[in-house]
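The values are calculated or read from the model by the stated rules, or taken from the named source; none is laboratory data. The model shown is predicted, which means the values in this text are computed figures rather than measured ones. With ideal geometry, Cβ positions are generated from the backbone for all residues, glycine too; neighbour counts draw on all protein chains shown. For accessibility, only protein heavy atoms count, side chains too; no ligands or nucleic acids. Shrake-Rupley method; radii C 1.70, N 1.55, O 1.52, S 1.80 Å.
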Amino acid sequence: MSALPAGPERLRQPSAPRGLFRFTGPRPPREERCELCAVPLPDERHRHLVDVENRALACACGPCAQLLDRTGAPTGRFRTVPDRCLSDPEHRFDEQTWERLRIPVGVVFFFRNSALDRLVALYPSPAGATESELEPDSWQSVLDGSPLTGVLEPDVEALLLRRHQGQVECYLVPIDICYELVGRMRLTWQGFDGGAEARADLDAFFTRVRGRARAFGGDRS
C-alpha cells in the first residue's frame, strides 16, 4: 500500500464521514468471532457449535472446536458440529412413506433434540425452519426407514430427506448445512412453490451433498 502524499495534496484526500452522514454509506461487514475465545475468524469456512441451551448455532475457531471434539463434550452448553456426511441408497423411504409425513415441500430434516429426548422434524419455508407435528405412526416410519436414524449424534447431526421426481434421497449430514439451506430458501423463495431461483439453489445444494457423502456401511464413523 502506497503512503498518502504530504503537503497540500494530502489535505484534499477525502475525510471520513462525520455525524449522521456516516450512516448513509454501506456498512463494513461484521467481523465474526469465535463464541468461546473471541478470536476473529478469518473466513466463512469455520467450524460451528450447537448452543444447546439457546437452541442456536455458534461460530468456533479451529482450536476451540478441536478441544470440544477431544473431550467429547457429551454434556454442557456447546457441542461441536461434526463434518461427516453419509448416504443410504438402501433406505426404505418411498412415496407412500412421504405421504404419511404430510410435509408440504420436498425437503425435510430430522434431528434428535436432547432436551426433549425425541426426534424433531423441520422443513424450509418462506418463514424459515418450520416444525412439523407428526403422528406416532409417521415417526415410526422415519425410525424404520433408514439405519442412519440410529447413529445420529443428538443436536448436531440430521437425517436429511428430499423427494424429487418420484424418488427420495436420504443422507446423514451436519446440522449446520440444514440451517444453511433453510436460510438460502428463505432468501430466494417466491410464490407458492419457491420459484426457479429457489429450485436451482436446492438442486445445487443437493449436488454438493451427493458429492460429499459416502455410502453408509453400518459403522459409526
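The residues in segment 117-139 that are modelled with pLDDT under 90 and loosely packed, with under 15 Cβ neighbours inside 10 Å can be counted, and the count is 8. The strands (runs of 3 or more DSSP E) found entirely in segment 56-151 that carry 2 or more residues being under 23 Å from Ala204 (Cβ atoms) are 107-113, 118-125, 128-132.
Of all residues being among the small types (Gly, Ala, Ser) and either open to solvent by less than 30 Å² (accessible area, probe 1.4 Å) or assigned to a helix (DSSP H, G or I) (or both) in segment 174-195, which is farthest from Leu57 (Cα to Cα)? Just the residue, please. Applying the filter and picking the extreme gives Gly195.
If you filter segment 61-86 down to residues that are open to solvent by less than 30 Å² (accessible area, probe 1.4 Å) and closer than 22 Å to Val209 by Cβ, you find that the one that is modelled with the lowest pLDDT is Ala65. Reported count of residues in segment 106-116, each being in contact with a Lys or Arg (Cβ under 9 Å, 6 or more places away or on another chain) and open to solvent by 10 Å² or more (accessible area, probe 1.4 Å), is 5. Restricting the first member to segment 136-165 and to residues that are basic (Lys, Arg), and the second to residues that are assigned to a strand (DSSP E or B), the beta-carbon pairs closer than 6 Å and six or more apart or on different chains are Arg162/Val107; Arg162/Glu169. A residue that is closer than 19 Å to Trp98 by Cα and free of Cβ contacts under 8 Å to residues at least 60 places away in the same chain occurs nowhere in segment 168-176. Being at negative phi and either exposed (fewer than 13 other Cβ atoms within 10 Å of the Cβ) or polar (S, T, N, Q) (or both) is true for just one of Ala158, Ala213, Ala204, Ala198. Which residue is that? Being at negative phi and either exposed (fewer than 13 other Cβ atoms within 10 Å of the Cβ) or polar (S, T, N, Q) (or both) holds for just one of Ala158, Ala213, Ala204, Ala198, which is Ala204. Scanning segment 91-121 for residues that are under 19 Å from Tyr179 (Cα atoms), touching a Leu at 6+ places or on another chain (Cβ under 9 Å) and in contact (Cβ under 8 Å) with a residue 24 or more places away in the chain gives Ile103, Gly106, Val107, Val108, Phe109, Phe110, Phe111, Arg112, Asn113, Leu119.
Pairing each residue of segment 179-205 that is modelled with pLDDT of 85 or more with any residue that is open to solvent by 70 Å² or more (accessible area, probe 1.4 Å) and part of a helix (DSSP H, G or I), provided the two are 6+ apart or on different chains, yields C-beta distances under 6 Å for Asp201/Arg184. Among Glu99, Glu90, which is within 19 Å of Arg212 (Cα to Cα), surrounded by fewer than 15 Cβ atoms within 10 Å (Cβ to Cβ) and more than 20 Å from the chain's Cα centre (by Cα)? Answer to the check: Glu90.
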